[in-house]
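Working notes, structure below.
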Amino acid sequence: MTDLTQLTLAEARDAVAAKTISSTEITKAFVDAVEKARPLNAYVLETPEKALAMAKASDERIAKGQAGPLEGLPLGIKDLYATEGTRTTACSKIIGNFVPAYESTVTSQLWRDGAVMLGKLNNDEFAMGSSNETSAFGPVVSPWQRTGSNAKLVPGGSSGGSSAAVAANICLGATATDTGGSIRQPAAFTGTVGIKPTYGRCSRWGIVAFASSLDQAGPIAKTVRDNAILLRSMAGFDPKDSTSVDRPVPDYEKAVGASVKGMKIGIPKEYRVDGMSAEIEALWQKGADMLRAAGAEIVEVSLPHTKYALPAYYIVAPAEASSNLARYDGVRYGVRVPGKDIVSMYENTRAEGFGKEVRRRIMIGTYVLSAGYYDAYYVRAQKIRTLIRQDFEKVYAQGVNAILTPATPSAAFGIGEKGGADPVEMYLNDVFTVTVNMAGLPGIAVPGGLSTEGLPLGLQLIGRPFDEETLFSLGEVIEQAAGRIALPQRWWA
Amino acid sequence: MSVDSATVRRIAHLARISVNDDEIAPLQNELNAILAFVEQLNEVDVANVEPMTSVTPMQLRQREDKVTDGHYPNKIVGNAPLTEDNYFLVPKVVE
């Protein structure tokens with residue numbers, strides 16, 4: 001029998017719908033694969049009994065002719081999404097035993113449409129990181145290795161469990177979240193596809209908050225089509241999220257394979273940063289050639305405030321985080337470390353419960369919001385954010401349909417290799433992705449080829465607000481032209 | 001701008017995070033590295049630029065002021081480290 005875990009989500013969906021395979025069969029195959037892949041540390045909680053129960057219920061619905069669009073398809077859920085009755089930790093010690101009494105809106109929509117949960121996926125603590133190394137459960141090991149080397153590499157972050165699990169065929173697709181690049185950078189590092197939709201497209205309700213004006217939910221999956229299928233179920237208006245946008249969700253899958261002839265694609269000259277490797281430069285050129293060959297017009301555009309996006313982000317995101325994470329005080333949930341009075345109880349609890357990177361970001365955020373510094377840092381950063389958004393608006397007003405950039409400045413790096421002495425070294429990973437969050441736009445990362453060391457490299461397409469469909473059409477062109485990237489070998493099992 | 005060790009202690013206290021003496025110097029270096037990185041924002045002319053207050057241009061929705069949820073105190077306190085009769089317990093705050 002063929003290995004069911006190798007199927008794409010679309011192939012599995014069609015096979016389940018045609019009753020060639022049952023949900024129970026495919027779910028069992030994944031439960032088994034998840035168990036064998038423990039050396040990757042992609043799952044922080046496996047829920048095999050729940051998965052098999054959900055699969056059984058799916059098979060019953062299929063038999064009754066009541067199948068939903070994701071009926072019987074096993075998915076992995078980033079541990080930032082609250083799942084009712086199933087431990088949700090944000091991969092932090094401070095809520096290490098938290099069992100939600102509610103379900104996030106996005107996951108509830110996946111279950112509504114028939115999907116099956118395999119378990120909770122590892123991520124950087126509170127999604128703060130670009131390598132999955134800040135997780136309280138330890139780093140995720142990428143299924144990828146450099147040619148001729150068995151050095152352990154990072155799967156990117158913060159959605160490192162999601163990207164590794166999709167690349168390793170231990171789920172059909174995964175939920176992820178993106179605050180500065182946390183869907184697109186891990187997708188690029190693992191040869192998978194990930195889309196951060198427009199701000200407001202997916203509900204943030206029930207997703208552990210990092211920086212509320214930047215956070216968006218989205219999928220990571222094997223193909224562009226799989227992303228389109230998942231986003232249709234994840235997106236939609238939710239009265240429980242005040243920034244959720246009330247507009248209909250298109251059938252994104254229809255955009256996959258649509259012609260891109262005559263579309264105008266912008267190449268922003270400011271993304272040609274100092275010290276860009278020849279390999280990334282060549283990948284970018286290759287991407288433009290693929291789109292041109294499909295009939296798109298390539299034009300140079302200018303986004304003058306690009307270089308200020310990352311420093312402005314490192315004011316806005318920590319500021320919002322310091323406010324959002326004030327709720328973890330040892331009173332309503334999580335661990336409590338006693339002190340001589342209530343203030344020292346708070347201080348001891350938060351020192352013990354938060355990891356190093358989270359403490360650092362809360363402190364930066366506290367500083368930039370403190371009396372006397374608020375205008376100099378926070379207000380200035382929000383003004384620069386306006387300029388960044390205006391840059392994009394000007395380009396789109398020229399008739400540009402989407403913008404093509406590299407997804408990351410390099411291929412995946414080794415565990416323990418970056419950010420040891422200087423936190424900024426790690427932050428630079430998000431230099432190409434963070435502008436998109438600052439402007440609230442949609443962005444997709446699609447594999448474009450392999451590095452000389454045999455590792456995946458990703459391209460990013462940035463779209464107009466709420467025009468995810470164009471990104472799926474263009475992404476499909478790149479996927480078809482570059483060819484799907486297959487994992488070299490299953491060394492962990 | 002850069003921070004000195006007294007400022008690091010003050011920020012930590014404002015953030016309600018206790019820090020040991022041996023953590024101060026490394027934290028000071030890390031915070032200063034980040035502050036040096038964001039320093040470049042001062043090059044940008046932001047005169048007459050409005051700060052972004054809404055990511056998508058939209059009015060925040062309002063809803064009717066009525067109770068729509070609740071009546072499950074057991075669930076609310078279910079994850080708390082210390083409770084009694086569905087109240088959260090905290091150390092004494094008023095003498």
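Filter the range A:392-409 down to residues that are under 27 Å from residue A:476 (Cβ atoms) and assigned to a helix (DSSP H, G or I) and give me whichever is nearest to the other protein chains (Cβ to nearest Cβ). Per the stated criteria, the residue is A:393.
If you go through the range A:331-342 and keep only what is at the interface with another protein chain (Cβ under 7 Å from one of its Cβ atoms) and without any contact (Cβ under 8 Å) to a residue 60 or more places away in the chain, you end up with A:331, A:332, A:336, A:341, A:342. Among the residues making up the range A:456-493, those that are more than 24 Å from residue A:409 (Cα to Cα) and hydrophobic (A, V, I, L, M, F, W, C) are A:466, A:491, A:492, A:493.
Of the numbered criteria (1) open to solvent by 10 Å² or more (accessible area, probe 1.4 Å); (2) in contact (Cβ under 8 Å) with a residue 12 or more places away in the chain; (3) not in a helix (DSSP H, G or I), the one residue A:29 fails is (3). Any residue that is at the interface with chain A (Cβ under 8 Å from one of its Cβ atoms), within 22 Å of the chain's Cα centre (by Cα) and among the aromatic types (Phe, Trp, Tyr) - is there at least one of those in the range B:87-95? Checking the range B:87-95: at least one residue is at the interface with chain A (Cβ under 8 Å from one of its Cβ atoms), within 22 Å of the chain's Cα centre (by Cα) and among the aromatic types (Phe, Trp, Tyr). Annotation for the range A:241-250: no member residue is more than 14 Å from chain B (Cβ to nearest Cβ) and at positive phi. In the range A:124-182, of all residues being of a type in the set (A, V, I, L, M, F, W, C) and farther than 25 Å from residue A:223 by Cβ, the one that is most open to solvent (accessible area, probe 1.4 Å) corresponds to A:137.
Confirm whether residue B:42 is open to solvent by less than 100 Å² (accessible area, probe 1.4 Å), more than 7 Å from every other protein chain (Cβ to nearest Cβ) and in contact (Cβ under 8 Å) with a residue 24 or more places away in the chain. Answer is no for this residue. Figure legend. Inter-residue proximity from the range B:1-23: first residues within 11 Å of chain A (Cβ to nearest Cβ), second residues of a type in the set (Gly, Ala, Ser), beta-carbon distance below 6 Å, spacing 6+ or different chains. Indicated pairs: B:17/A:351; B:18/A:351; B:19/B:12. Is at least one residue of the range B:61-80 within 30 Å of residue B:5 (Cα to Cα), exposed (fewer than 10 other Cβ atoms within 10 Å of the Cβ) and within 8 Å of chain A (Cβ to nearest Cβ)? The answer is no, given that none of the residues of the range B:61-80 is within 30 Å of residue B:5 (Cα to Cα), exposed (fewer than 10 other Cβ atoms within 10 Å of the Cβ) and within 8 Å of chain A (Cβ to nearest Cβ).
The residues of the range A:358-376 that are more than 7 Å from chain B (Cβ to nearest Cβ) and part of a helix (DSSP H, G or I), listed by number, are A:358, A:361, A:365, A:368, A:369, A:374, A:375, A:376.
The values are calculated or read from the model by the stated rules, or taken from the named source; none is laboratory data. As the structure is a prediction and not an experimental result, all values here were calculated from the model. Note: ideal-geometry Cβ built from the backbone for every residue, glycine included; neighbour counts use all protein chains shown. Just the protein is used for accessible areas: all its heavy atoms, side chains included, with ligands, DNA and RNA removed. Shrake-Rupley method; radii C 1.70, N 1.55, O 1.52, S 1.80 Å.
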